[in-house]
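Written below as structure tokens is the structure these notes are about.
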Ligand SMILES: NC(=O)c1ccc[n+]([C@@H]2O[C@H](COP(=O)([O-])OP(=O)(O)OC[C@H]3O[C@@H](n4cnc5c(N)ncnc54)[C@H](O)[C@@H]3O)[C@@H](O)[C@H]2O)c1
């Protein structure tokens with residue numbers, strides 16, 4: 001029986017949770033085999049996270065910019081000695097990645113407009129789907145994700161991680177324990193210095 005807990009523990013979709021966690025990951029009985037679509041800033045980082053996890057294999061990388069794919073392919077090869085396959089043949093080459101039979105999960109860190117399309121293709125190909133935020137940009141695509149997951153039986157997880165930050169979880173606990181009384185209205189913000197994203201060579 002696949003539960004949310006066992007899914008997070010045993011699949012690469014839970015990998016992003018490792019970003020801010022210091023838990024000791026357990027080695028799964030069989031490796032979790034992952035393909036990554038979109039290796040710009042975030043995808044490159046996610047590949048590093050996957051490589052740091054025991055029992056995870058990165059078998060395929062896809063990006064429409066061949067140099068970016070090559071960078072992650074080389075990173076995997078240097079760490080594991082095994083060279084993953086590269087898919088760089090245009091906007092829909094991720095479909096060929098999804099069709100591979102040596103993957104359990106496909107993670108997408110493409111720009112927003114591609115997330116739902118890639119996740120749906122992954123689930124249709126029988127893979128767990130992990131998608132960067134936001135999972136979809138239209139209500140239609142939200143339903144497409146839900147219906148595809150229900151039809152295929154494959155889970156799809158949005159790789160949000162801020163909600164697991166210690167300070168955010170602390171506030172959640174305080175809310176639940178009634179520290180603030182009955183909440184009638186709530187406002188929150190997220191400040192993020194993105195200058196390094198805008199002023200890097202390939203940003
Ligand atoms: N969860 C988080 O904390 C977090 C943090 C940063 C970014 N993100 C998300 O990650 C995603 C990527 O952000 P980024 O800053 O890495 O952007 P980026 O532009 O650096 O990377 C996107 C990559 O996708 C590639 N790409 C575009 N279309 C493609 C396609 N059809 N097939 C394969 N590759 C394709 C691009 O060539 C590029 O390399 C965004 O959706 C962003 O919202 C999430």
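The values are calculated or read from the model by the stated rules, or taken from the named source; none is laboratory data. Please read these numbers as outputs of a predicted model, since none were measured by experiment. Here the Cβ positions follow ideal geometry from the backbone for every residue, glycine too, while neighbour counts run over all protein chains shown.
Would you be able to say whether some residue in the range 97-118 is surrounded by fewer than 18 Cβ atoms within 10 Å (Cβ to Cβ), touching a residue at least 24 places away in the same chain (Cβ under 8 Å) and touching a helix residue (DSSP H, G or I) at 6+ places or on another chain (Cβ under 8 Å)? Within the range 97-118 (the criterion being surrounded by fewer than 18 Cβ atoms within 10 Å (Cβ to Cβ), touching a residue at least 24 places away in the same chain (Cβ under 8 Å) and touching a helix residue (DSSP H, G or I) at 6+ places or on another chain (Cβ under 8 Å)), the answer is no, since none of the residues qualifies. Do we have any residue at all in the range 63-72 that's part of a loop (DSSP other than H, G, I, E, B), modelled with pLDDT of 95 or more, under 20 Å from residue 48 (Cβ atoms) and within 9 Å of the ligand (Cβ to nearest atom)? Scanning the range 63-72 turns up at least one residue that is part of a loop (DSSP other than H, G, I, E, B), modelled with pLDDT of 95 or more, under 20 Å from residue 48 (Cβ atoms) and within 9 Å of the ligand (Cβ to nearest atom).
The set of residues in the range 103-148 that are assigned to a loop (DSSP other than H, G, I, E, B) and more than 18 Å from the chain's Cα centre (by Cα) contains only 138. Using the structure shown, decide if residue 50 is more than 12 Å from the ligand (Cβ to nearest atom) and farther than 28 Å from residue 194 by Cβ. Against the criterion (more than 12 Å from the ligand (Cβ to nearest atom) and farther than 28 Å from residue 194 by Cβ), residue 50 does not qualify.
Look at residue 163 and say whether it is in a helix (DSSP H, G or I), in contact with a helix residue (DSSP H, G or I) (Cβ under 9 Å, 6 or more places away or on another chain) and modelled with pLDDT under 95. The answer is yes for residue 163. Being more than 15 Å from the chain's Cα centre (by Cα), assigned to a helix (DSSP H, G or I), modelled with pLDDT of 95 or more and more than 10 Å from the ligand (Cβ to nearest atom) is a description that applies to residue 75. Please determine whether any residue of the range 37-53 is surrounded by fewer than 16 Cβ atoms within 10 Å (Cβ to Cβ), modelled with pLDDT of 95 or more and not in a helix (DSSP H, G or I). Scanning the range 37-53 turns up no residue that is surrounded by fewer than 16 Cβ atoms within 10 Å (Cβ to Cβ), modelled with pLDDT of 95 or more and not in a helix (DSSP H, G or I).
The residues on offer are 174, 157, and the sole one that is within 21 Å of residue 190 (Cβ to Cβ) and outside any helix (DSSP H, G or I) is 157. Being in contact with a strand residue (DSSP E or B) (Cβ under 6 Å, 6 or more places away or on another chain) and either over 25 Å from residue 112 (Cα atoms) or within 11 Å of the ligand (Cβ to nearest atom) (or both) is a property that residue 97 has. Residues in the range 137-165 that are touching a strand residue (DSSP E or B) at 6+ places or on another chain (Cβ under 9 Å) and surrounded by 15 or more Cβ atoms within 10 Å (Cβ to Cβ): 145, 148, 149, 154, 155, 156, 157, 158, 159. Residue 87 meets all of the listed conditions (1) under 21 Å from residue 46 (Cβ atoms); (2) without any contact (Cβ under 8 Å) to a residue 24 or more places away in the chain; (3) within 11 Å of the ligand (Cβ to nearest atom) but one, namely (2).
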